[in-house]
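Trainee: Input: one structure, supplied below.
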Ligand SMILES: C[S@@+](CC[C@H](N)C(=O)[O-])C[C@H]1O[C@@H](n2cnc3c(N)ncnc32)[C@H](O)[C@@H]1O
């Protein structure tokens, strides 16, 4: 979600002497002007504090979202600048439109945030056909401002907070499109597994579930329990273990999107 500049690739990169010189120049600059880096230095301390107080990952992430949303709801979903927020939403919408979205689809967006893409889905879909859920009530309060600003109230969007990823309150086989962008990139495997265990029940027989994830071809890892990196085959195996079929959307890999995408369907779907 956040545009981090750490991780193994960055560490390796920094070993060259030229980059060491650049680093010492950055340190000198930071000492002269500490204000811009202080929030980044505070973040790990805040995250550790929130994690110690939370019962589980979802509780922890809800607290992170509360803290981030109180500062800037656009920043809380990873795009503090409004133009980037618009662009990331448009990119999601355009991709789905090219890959099967139709106005009559009944759509469930898992982790809808403040409707970065949701506003475009709501506008495009038939009345009442957009259903957004999120674990963060705070981001959903911000989300409610989006249809007001864009005059989309007539489209009757549903925006519902959820305790976890067991949407027991939603009907069997209802949703023809399920979408989760930049949600599994912030989720440990047990949360993803729980989602996959329930998504098949609410997905229509002809439906599909698209989710993005941070892909690694090396060792799976996380950064600060916020950004998780998986091998595609791990996630495909988890979907298959739940009786679903999953495949990587190769064209997305080729177009160089930051996150990869997997499409999940029921077996035997045409
Ligand atoms: C990076 S934001 C992306 C929001 C939205 N998908 C978008 O692209 O604008 C991740 C969102 O997923 C939500 N989230 C994280 N884990 C979740 C979970 N297990 N179930 C539902 N929502 C979740 C967060 O609260 C946050 O709103």
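Rule-based calculations on the coordinates, nothing more; no lab input. Model, not experiment: these values are computed from the prediction. Virtual Cβ from ideal backbone geometry, glycine too; neighbours counted across all protein chains shown.
Trainee: Looking only at segment 82-265, where both bridge partners belong to it, what percent of the DSSP beta bridges are antiparallel (to the nearest 5)?
Mentor: 40
Trainee: Here's another thing I want to ask about it. Which residues does a label at residue 145 reach in segment 92-131, if reach means a backbone N under 15 Å from a point 7 Å past the Cα toward the Cβ?
Mentor: Answer for segment 92-131: 113-116.
Trainee: Return 195, 112 ranked ascending by Cβ neighbour count within 10 Å, so the fewest neighbours appear first.
Mentor: Taking fewest neighbouring Cβ atoms as first place, the list is 195, 112.
Trainee: How would you rank 182, 260, going from fewest to most other Cβ atoms within 10 Å of each one's own Cβ?
Mentor: Placing the least packed residue first, the sequence is 260, 182.
Trainee: Of all the C-alpha pairs in segment 50-161, what % are more than 16 Å from each other?
Mentor: 59
Trainee: Can I ask one more? Could you line up 222, 82, 57 from fewest to most neighbouring Cβ atoms inside 10 Å?
Mentor: So the residues, fewest neighbours to most, are 82, 222, 57.
Trainee: Let me ask something additional. For segment 82-265, take the convex hull of the Cα atoms, compute a quarter of its surface area, and give me that in nm², please.
Mentor: Across all orientations, segment 82-265 yields a mean hull projection of 10.1 nm².
Trainee: Okay, moving on. Tell me, how many Å apart are the Cα centres for segment 82-102 and for segment 229-270?
Mentor: So the two Cα centres are separated by 19 Å.
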